[in-house]
Structures are given as structure tokens and as C-alpha cells.
Amino acid sequence: MGRGTSGGGVLWGIAIDHDGQRVYVPNGYFDPKDRDASGGMAAIGLSDGHAIWNTPNPPCGDRKECKPSHPAAVTAIPGVVFSGTMDGRLSAYAAEDGKILWEYDTAREFPTVNGVTANGGSMSNAGPAVGGGMLFVNSGYSHHGGIIPGNVLLAFAPEKTSSALPNSK
């Protein structure tokens, strides 16, 4: 599934799918000399331990703060696995083949209902929580390799489409 060191590998937790067929494994490995070779997500068959898929991170490109390791615990729901990275990206992976379905950059400032300044950042430790049709995730971690401190709890809901206008938001 990937390299592991004293500062990387599986750190905070894995997830098992709803039917007990696969285990989803985040890799917290980080190589400062080759950032694009760091981290990644994998799925392994529980019955025989064979690799089902292994998805590398998208390249860092011009991102100044890029540490694409996956130290946080992951969360699996039927068909989707959620994982966050040390540089604040939250991704949804297709449970079947590891394709990245959705990605959200949490490393930014957010408006708040009480006017307190809120910033997202590194994602480590706890994984996303799912309940009531919503996805909740904390963003901003400054310990043990965290590069972007922050203080937000984000809530995501499925986008609603209008029946009159297909594919509208």
C-alpha cells in the first residue's frame, strides 16, 4: 500500500466497508524531497489480503503548502471513502476503484455565524463523521507534523438539483 516510516504509514485509523469485504488504508508517509510520492490511499481485500486499488495523491503543482500525506483516520460509507491530508485537502474516493470523486481544499479562511475568525488547515487525528445525511470534518492541526494550524468544523450536505433544470445547483 505504500512506504511507512517512524513519521508515516498508518497513523490514526483505517475503515472497513459496510459488507466486510474491504479495508481502506490511508498512508501518512511524507517525503520532503519528493512530495508527489507521499501518502496515498489503498483498499485491501479482507478475505485474502490482496491489493484491490492504490491511488496516489494528485500532484502538488504550484501549491506552496503541499504535504499530501494521509495521517488522519478515514471514514467509509457505502460506495465512498473520505480522507484528509496534512495540507488540508479532503477527498472522496470511489470504494470500488479508488477514483477521486470529489475534493475540497479546507486550508483557507471561512465565514462564521458568530464573526470569529476561522481557518482550515492540516487534517490529522480524527476522521470525518457522517450522520443525518451530512459529512462533518475538523480542519486545522498544528502538532506532530501539521503544517497549517486552524480551527474549523465543516459540515457538508449533498447538492440539491432543481427538477426543472437538470444538473443545476
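The values are calculated or read from the model by the stated rules, or taken from the named source; none is laboratory data. Predicted model only: the values in this text are computed from it and were never measured. FYI the Cβ positions are ideal-geometry reconstructions off the backbone, even for glycines, and counts take in every protein chain you see.
Results, tabulated for the structure shown:
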{"item": "Region 106-121 residues that are within 13 Å of Ile147 (Cβ to Cβ), paired with ones that are aliphatic (A, V, I, L, M) and in a loop (DSSP other than H, G, I, E, B) (beta carbon under 6 Å, 6 or more apart)", "result": "Gly120/Ala107; Gly121/Ala107"}
{"item": "Residue in region 104-117 that is loosely packed, with under 13 Cβ neighbours inside 10 Å and of a type in the set (A, V, I, L, M, F, W, C) present", "result": "yes"}
{"item": "Residue tally, condition of a type in the set (Val, Ile, Thr) and over 15 Å from the mean Cα position of the chain (by Cα), over region 52-75", "result": "1"}
{"item": "Residue in region 50-72 that is more than 30 Å from Glu109 (Cβ to Cβ) and either free of Cβ contacts under 8 Å to residues at least 12 places away in the same chain or crowded, with 23+ Cβ neighbours inside 10 Å (or both) present", "result": "yes"}
{"item": "Identity of the residue in region 137-152, among the small types (Gly, Ala, Ser) and surrounded by 17 or more Cβ atoms within 10 Å (Cβ to Cβ), that ends up modelled with the lowest pLDDT", "result": "Gly145"}
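Okay, residues lined up against (1) within 23 Å of Ile148 (Cα to Cα); (2) at pLDDT below 80; (3) in contact with a Pro (Cβ under 7 Å, 6 or more places away or on another chain); (4) loosely packed, with under 14 Cβ neighbours inside 10 Å:
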site	(1), (2), (3), (4)
Gly9	yes, yes, no, no
Arg22	no, no, no, no
Asp34	yes, no, no, yes
Gly39	yes, no, yes, no
